[in-house]
Every structure is written in C-alpha cells, then in structure tokens.
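Single-structure report; data block below.
Quick note: the coordinates plus some simple rules give every number you see, no bench work behind them. Every value quoted in this text rests on a predicted model; they were computed, and no experiment measured them. Here Cβ is always computed from backbone atoms with ideal geometry, including for glycine, and neighbour counts include all displayed protein chains.
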Amino acid sequence: MLSIIVAMADDNAIGKKNNLLWHLSDDLKYFKRKTSGHTVIMGRKTFESIGKPLPHRQNIVLTRNPTVFSAISEKYPKGSDTGITFENDLSGILKKAATSDEEIFAIGGTQLFAAALDHANKLYITRIFAKAPGADAFFPYIDPLIWKKSSEEPLIHDTENNISFRFQILSRK
C-alpha cells in the first residue's frame, strides 16, 4: 500500500529552497512514528536536504540523472548496510508500492508527490494553519471527490513557532 506523508501550509506550500518551511517538533515525531519500520521513497533533492538515509527505514531514492545516480550509488552501494537503494524507474516503484502488502511512504518532494498521488491509498497530512511567504514547493490539489477525511487529531499549538496545526489522515474513496 502506498501512502503519502506531508506537512503543508494553508496554500499547500511544503517547502522553500529545498528545505522544510518550519521545524515543528511534534510533526517530526509524528513523521518518525508513522514511517519507522517502513520503506520510504524520496526524490534526490529531498534525500540531499536530509543528508543521510533515515534510520530504521528502508530508503529508496529516485533520480533520473545518471551522473548523480552513479555518484550517490558509489557512496551508498546497493546491498550495503545503509538501508538505502537508488532507483530511476519512478512509475515501476510507484506501481510496486501501490500493490505491496507493506505500507510504503512517499515523503517528497513535489514531483514525487504529484506522481504518487494517483497511486496512493492514504494521505497523512500535517495541516499547518499559517502562510508560507516565499514558498516554492507545493503539494498538488487534493480532489475531495477522490479523498475523504478518515481521521483528524485535535489542534496543536507550537509555541516556539507560534503556529497551530493538526494531523489528518485522508483515505481514497
């Protein structure tokens, strides 16, 4: 089963200059709790912004650039104990993930989210009630005819950032 996990602002903004918009401790803990023990799929830029494989997860990094693919693969060889593999076949990975018994998470960025949305069964959304001036990465439109809210947690206020947010799970209708 393919799921997407994302934190987004009111206008679906998810990033700026290849970084998260905010560092919300509760959101980072939620992300870790939901994805630990699972496979995560991410684009190369997302991997580079994280800087290393995420622990306690099988990491799949997608890149279409053979030069980058080759350079990164040398640093993290296939089958090494890093818990990371590099792939260049996005559609194949998404089809395999969608039919897997395991819950596999697409974790970003924008291009992966856009491609994964048609294959996903669930959306784990941290809905951040704030504006993100200068944001340059956005989550695609979520069609309410396709997605329904299956759960929603109470509002949380992050005093460090003075931002309110809540966790929501949307399921495909």
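Annotations for the structure displayed:
- Farthest positive-ward along the chain dipole, Cα basis, beta-carbon charges - from Val61, Ile169, Ile142: Val61
- Ignoring lysines fewer than eight residues from Lys149 along the same chain, the ones with Cα atoms less than 16 angstrom from its Cα are Lys122, Lys173.
- Net lengthening on full extension, Arg166/Asn121 (0.36 nm per residue, minus Cα-Cα): 14.2 nm
- Helical contribution to [θ] at 222 nm, DSSP H n ≥ 4, -39,500 (n - 2.57), averaged over the chain, rounded to 500: -7000 deg cm²/dmol
- Between 0 and 90°, nearest 10: helix 25-35 axis offset from the chain longest Cα axis: 50
- In this Cβ point-charge picture (+1 for Lys and Arg, -1 for Asp and Glu), the chain has a dipole of about 120 debye about its Cα centre.
- Efficiency of FRET between Glu153 and Asn88 - r from beta-carbon atoms, R0 45 angstrom, step 0.05: 0.75
- Charge tally in the Cβ shell below 13 Å around Ser150, where Lys, Arg are +1 and Asp, Glu are -1, Ser150 excluded: +3
- Eligible aspartates and glutamates near Lys32 by straight Cα distance, threshold 15 Å, same-chain separation 8 or greater: Glu103
- Alpha carbon Rg of the chain, scaled by the compact-globule rule 2.2 N^0.38 Å: 1.01
- Each Cα pair under 8 Å and six or more residues apart adds its sequence gap; the mean of these over the residue count of the chain is a relative contact order of 33 percent.
- Modelled FRET efficiency - R0 25 Å, Lys52 with Lys29, Cβ distances, 0.05 increments: 0.85
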